[in-house]
Structure formats: C-alpha cells, structure tokens
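I have placed the structure first, in the form of structure tokens, so that the comments after it can refer back to it.
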Amino acid sequence: MDKFGWAYIGCGSIAHTTANELVKTDDNQIVAIWNRTKSKAEDFAKEYGGTVYDTAEEAINASGVEGVYVNVNGDKHAEYTKLSIKNKKPILCEKPFAVNEKVAKEVFDYAAEKDVYVSEAMWTWHNETALQVKKWVKSGVIGDIQSVDCAFAVQLLKHSDNLRLTTLSMLGGALLDLGVYAIRYCYELFGMPETIQCQGDMHAVDYAEEIKFKYPDFQAEMHISMIEEAGNFFEIKGTKGSISVPKFNSAKQATLRTDGKEEIFEMEGLLYGTQFSNVAAEIRAGKKEGEMIPAKSTVEVMSLLDECRRQMGLVYPQE
C-alpha cells in the first residue's frame, strides 16, 4: 500500500519535530507544504521532502494529499482547519485546538456537516505509556486514588525568544502550551472534575499557574510554569500502591509500585510517528473523528482550560 500523503500547513519548530519522526515511519510521507514565509517551507522541503505551494489551499488540494496537518500558531488553528474542512480534506490539528470551547465546537460541527475527519494532535494519548497508565488506574491495582501530584515546569522563556509564548493575541502563556498536557492527563484518567481552582502568575500572559481539580474522593494538584525548572512528572497515590510517570507528556517509561514490588513499563519506537500512523489508519478506514482523541474529549478539555482562564482573568483579544 502507498504511504499516506500529508500536507503540512506551517513549518515551525513543532513541524520539524514531528516531521523528523514522520519520515522514519513506514506508512507516511510529506507531499505538500505551505508556510507564510516561503523560504522556510523550501528549506523544510529539502530536509523532509514534499512540494512547496504558494497558498495553503493549493497545498491542501495538492496531488497525493490524504490528510492535512495544521501546525501554524494556535490562534490560526481554527482558520486553517476550517479551510481544510471546506476542501473536504481530513485534518490533524495541533494543540491548542482552538481559542476556546465555543470555537472548538464550531469547528467540529462544521466537520460533521461536511462529513470530514478532524482530530486534535494530542500525541501523548496515542502512545503505549500513557495508555498503560490508564489501564493500571482503571484496573484498580493501586486501590482507591488518594492523591495526584503533577508538574510541568520548564524554563521556556529562558531557552526561547519566540514571541508566541508571551503574546496574548497568539494565545501565549503557560496554560495552553504546557498546562493543556497536565489537564488532559487528569481528564483521561479521572474524567471531568467536580470543581476547579486556578491561580496564575499573570504578566502580559500567564507565566505559571497552580491548578487543583477536585474529584469525589481526592484532589489532583498541578504546577505549571514556563519560567522555572520544577519538574515534569505525574504521580498517583492509591490505597494499595502508586504510579510514577517521569516526563509524562512524552514518557517512554512508567513505574507501578504495589506491595513492595515494582513493575516498570517501557516502550520503544516513535512517539509523534505513532500518532501520524494511527490517524492515517483512521482516515483510510473512513472514520470521521479520532478514536483515541474524539471530538468530545477535545471540547471538554477546552472547557476546563476556559474555566482556568476565567479564574485567572485571562482573556484573548479574539474573544
């Protein structure tokens, strides 16, 4: 079978990160590329293959394109996803999926109207480690959950001068760049919380936040920051044991501890590449939304992000 053909809409850092893995898969290839700055697209094509087009619509409709990967800046995600839907092309759209829950719903409603596949690129949940953690939690092997402690605190602002991180109109800030992973992890494992508390370190955008999700019998605490190195982990404690996931958003390893015993789960292979292969298979199978990342989950996580922003007083100009 021929390799699945992707159109890349955007050639920023995440495009390079994903393309580096995509070209290592056996079942995917990049066939079309568009970027606002054409020279960047041309450099991208030299490295990963594909033909550069003058407009996004030309790239979306190029010969051999079966799916569109939207990875422009977050404030433009909905615009280019809708353009792809208009042209009847399936889409894998990077996070944050949209500016808010309302816009996310509009995108999925439009996709349903046009009968087009759309899925959020939440790569963590396409991979074996996160899925194994979910199996452990759902199996009850660690008993009743007592507490959840998570951190995703890295010095993004020290290591990057990318304006998107600190520009309000570009959906800058720690919440939509880092916090979305922690919130999604809690959502996938425990569902929607009963209540939310969120306090932010506010500047032009949110530099950090402390988030608490209250569930019936326990609380999940998340520390998110793009100005300090304070860890990247997800820890779950139960009445019969615990689960530890270092670098949880990109983990290839997780540890289960019960009754003095330790079980380490390890995976090999690609992370982003698995996501593209899974989505390509779903599209070729005629599905209209992701099985691992369904529309409902993306919309509900957007609602959680919206509530965190409401409590911090963080409003984007587009709203």
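FYI, it's all coordinate maths here, none of it is from the lab. Computed from a predicted model, the values in this text were never measured in an experiment. Neighbour counts are summed over all protein chains in view; Cβ atoms, including those assigned to glycine, are modelled from backbone coordinates with ideal geometry.
A Förster radius of 51 Å combined with the Cβ-Cβ distance from Glu57 to Ile264 puts the calculated FRET efficiency at roughly 0.60.
Counting only cysteine Cβ atoms and a cutoff under 4.7 Å, the chain contains unmatched residues Cys11, Cys93, Cys150, Cys186. The long axis of helix 295-312 is offset from the longest Cα principal axis of the chain by roughly 70 degrees.
Between Ala174, Ala285, Ala56, the Gaussian network model of the chain with springs among Cα atoms under 10 angstrom shows the greatest mean-square fluctuation at Ala285. The 3J(HN,Hα) values that the Karplus relation (6.51, -1.76, 1.60; θ = phi - 60°) gives for the range 213-224 are, in residue order, 9, 9, 10, x, 10, 7, 10, 9, 10, 10, 10, 10 Hz. Gly and Pro appear as x.
Packing, taken as the mean count of other beta carbons within 10 Å per residue, orders the peptides 232-241, 275-284 from highest to lowest as 275-284, 232-241. Overall size of the range 104-204 from C-alpha positions, given as principal axis extents largest first: 45, 41, 28 Å.
With θ taken as phi - 60° and the Karplus curve 6.51 cos²θ - 1.76 cosθ + 1.60 applied, the whole-hertz 3J(HN,Hα) list for the range 165-182 is 5, 10, 9, 4, 5, 9, 6, x, x, 6, 4, 7, 9, 10, x, 4, 5, 5 Hz, x standing for glycine and proline. Each of Ser13, Val141, Ala112 was scored by the projection of its Cα onto the charge dipole of the chain, and the greatest displacement toward the positive side belongs to Ala112; charges sit on the C-beta of Lys, Arg, Asp and Glu. Database remark: amide H of Val68 closer than 5 angstrom to the amide H of Ala7, Ile91, Leu92 (H placed geometrically; neighbours at sequence offset of 5 or more, or on other chains; Pro and chain starts carry no H). With the helix formula -39500 (n - 2.57) applied to DSSP H stretches of n ≥ 4, the chain reaches a computed 222 nm mean residue ellipticity of -10000 deg cm²/dmol.
In the chain, Cα pairs under 8 Å separated by at least six residues give a relative contact order of 19 percent. Fully extending the segment from Phe218 to Lys86, taken as 0.36 nm per residue of separation minus the present Cα-Cα distance, adds 43.1 nm.
With a 10 Å cut-off between alpha carbons and a GNM built on the chain, which of Lys102, Lys212, Lys261 moves the most? Result: Lys261 has the largest fluctuation of those listed.
What is the Cα radius of gyration of the chain over 2.2 N^0.38 Å, N being its residue count?
Scaled against compact globular proteins, the figure is 0.99.
For the pair Glu47 and Gln155, what calculated FRET efficiency results from E = 1/(1 + (r/R0)^6), where r is the Cβ-Cβ distance and R0 = 35 Å, to the nearest 0.05?
After rounding, the FRET efficiency stands at 0.80.
In the elastic network of the chain, a GNM with C-alpha springs shorter than 10 Å, the most mobile of Ile30, Ile60, Ile227 is Ile227. Spin-label model, Tyr110 to Glu319: label points 7 Å out along the Cα-to-beta-carbon direction sit 2.0 nm apart.
Using Cβ point charges alone (K and R +1, D and E -1), the dipole size of the range 119-278 about the Cα centre works out to roughly 320 debye. Along its principal axes, the range 68-135 has C-alpha extents of 37, 24, 21 angstrom, given from the largest down.
State the answer as a single residue: which of Ala285, Phe213, Leu168 lies farthest towards the positive end of the charge dipole of the chain, with beta carbon charges of +1 for Lys and Arg and -1 for Asp and Glu, about the Cα centre. The residue sitting farthest along the positive end of the dipole is Ala285.
Each Lys and Arg Cβ is given +1 and each Asp and Glu Cβ -1; about its Cα centre, the chain then shows a dipole of about 360 debye. The range 1-73 and the range 107-145 have Cα centres lying 25 Å from one another. Between the helical axis of 128-139 and the longest alpha-carbon principal axis of the chain there is an angle of about 40 degrees. This model, with +1 at the C-beta of Lys and Arg and -1 at the C-beta of Asp and Glu, gives the range 184-319 a dipole about its Cα centre of some 400 debye.
Find the all-direction average of the projected area of the Cα convex hull for the range 24-163, expressing the result in square nanometres with one decimal place.
Numbers: hull surface 48.3 nm².
Over every viewing direction, the Cα hull of the range 24-163 projects on average to 12.1 nm².
Would you please give the FRET efficiency between Asn162 and Gln29, computed as 1/(1 + (r/R0)^6) with r the Cβ-Cβ distance and R0 = 30 Å, to the nearest 0.05? Here the calculated transfer efficiency is 0.60.
In order along the range 272-278, phi translates into HN-Hα couplings of 5, x, 4, 4, 5, 5, 5 Hz, rounded to whole numbers, per the Karplus curve 6.51 cos²θ - 1.76 cosθ + 1.60 with θ = phi - 60° and x for Gly and Pro. Using a cutoff of 8 angstrom between alpha carbon atoms and counting only pairs six or more residues apart, the relative contact order for the range 1-62 works out to 36 percent. Determine the distance separating the Cα centre of the range 285-306 from the Cα centre of the range 171-241; give it in Å without decimals. The distance from the Cα centre of the range 285-306 to that of the range 171-241 comes to 19 Å. Expressed as an acute angle from 0 to 90° and rounded to the nearest 10, what is the orientation of the C-alpha long axis of helix 77-86 relative to the principal long axis of the chain? That works out to roughly 50 degrees.
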